[in-house]
């Protein structure tokens, strides 16, 4: 496991390009006089739309968790996603086999996913910055797409169920952002860089099963922001070692399935 945050030993970054290949709609949860859902923007209603780093991180984390679990790693269900029930006046997490209950940094070493992406008790080692387009607000025109519900009996449009959604057009609009890792283990850098292109298949934002969220993701080379003076590796050599470490992590199958006691929180 990588060192903690009490010392700043290494910072690496990647510049990542996201190119729309289909409509993208990451919603604010709010609407206006025309739209039921509006896209997230940098500032006010006339500013440029963005792809929030939190949305990118969520998809990447989910993919990394699944890859590691498939490789036999013991991976937890993150705290916000873990089902709970009240027992004897306490809130207890219900295990979802084969996943572990949420990691508790006070009682056990966290799973690989929490080591990299953090949890409610420990900060993440990776930061996904918001992806922004280099175009001006005037050059980026969003579209309105309308959807209807289908009456299951008649097979026609269900009355009163028309929804208007604001979306970024899928005409290869380019967004750019940075991904930064602090004090990472090498496999962590490899995991992020090698998983980002999979967003093309997983999708980002709302309505992914309806064709939205299709992004072509191209991560750049790993760059040193800060690294130990006695580390003489070049950025290219370090990147290749990180990818090899990630390939080893995802190929390793852990035998057995040790149980973790159910974690609890106060009522």
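Quick check on the range 103-118: of everything there that is part of a loop (DSSP other than H, G, I, E, B) and modelled with pLDDT of 90 or more, which residue is nearest to residue 183 (Cα to Cα)? That would be 118. Within the range 157-176, the only residue that satisfies the criterion of being modelled with pLDDT of 85 or more and not in a strand (DSSP E or B) is 173.
Check the range 179-197 and report whether any residue there is in a loop (DSSP other than H, G, I, E, B) and farther than 12 Å from residue 12 by Cα. No, that holds for no residue. From the set of residues in the range 25-37 that are outside any strand (DSSP E or B) and within 20 Å of residue 172 (Cα to Cα), which is modelled with the highest pLDDT? It comes out as 26.
Restricting 22, 44 to those that are more than 17 Å from residue 202 (Cα to Cα), outside any helix (DSSP H, G or I) and either out of contact with any helix residue (DSSP H, G or I) (no Cβ under 6 Å at 6 or more places or on another chain) or at pLDDT 70 or above (or both) reduces the list to 44. Only one of the numbered conditions (1) modelled with pLDDT under 80; (2) surrounded by 12 or more Cβ atoms within 10 Å (Cβ to Cβ) is violated by residue 154, and that is (2). Here residue 133 meets each of (1) surrounded by 11 or more Cβ atoms within 10 Å (Cβ to Cβ); (2) at pLDDT below 75 with one exception, condition (2).
The values are calculated or read from the model by the stated rules, or taken from the named source; none is laboratory data. None of these values were measured; they are calculated from a predicted model. Glycine gets a Cβ as well: all are built from the backbone with ideal geometry, and neighbour counts include every protein chain shown.
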